[in-house]
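Taking it in order: structure first as structure tokens, then the write-up.
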Amino acid sequence: MPVRDLSGETANSWEYCRQLINPVEPLFVCILGQRYTWVLEPQQIRDQADRQVYGTFSITEMETQHAVFSNPSEGCDRTSESVLRMERTTA
């Protein structure tokens, strides 16, 4: 859920997350649970280019896409690895 600061204003979740992701090199770790996060309203994504790219994504998907596929600084060299947990079924 969107967070409100002490003045009652809604904090900009995407701006906050992006500022934390950009300096992370060479490894970004994303731990996913088994629930879906919220999708921001388009006006909550301030940057027009980000709005076009991420406009229909959940906040978690935005974070992951930005971390894995963007190049926020010259020479950014992040490593990405995916590990999927598979449910065991019994026959």
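Throughout, read-outs are computed from the coordinates displayed, never taken from laboratory work. Model, not experiment: these values are computed from the prediction. Note: ideal-geometry Cβ built from the backbone for every residue, glycine included; neighbour counts use all protein chains shown.
Below, the figures for the structure above:
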item	result
For SER70, SER13, order by how many other beta-carbon atoms lie within 10 Å, fewest first	SER70, SER13
Hypothetical label at PHE28: residues of the stretch 53-70 whose amide nitrogen lies under 15 Å (7 Å Cα-Cβ projection)	53-55, 57-70
Two-site label geometry, THR37 and LEU20: point separation in nm, points 7 Å out along Cα→Cβ	0.8 nm
Ascending count of other beta-carbon atoms within 10 Å, so fewest first, for ARG18, ARG88	ARG88, ARG18
Ascending count of other beta-carbon atoms within 10 Å, so fewest first, for CYS17, CYS30	CYS30, CYS17
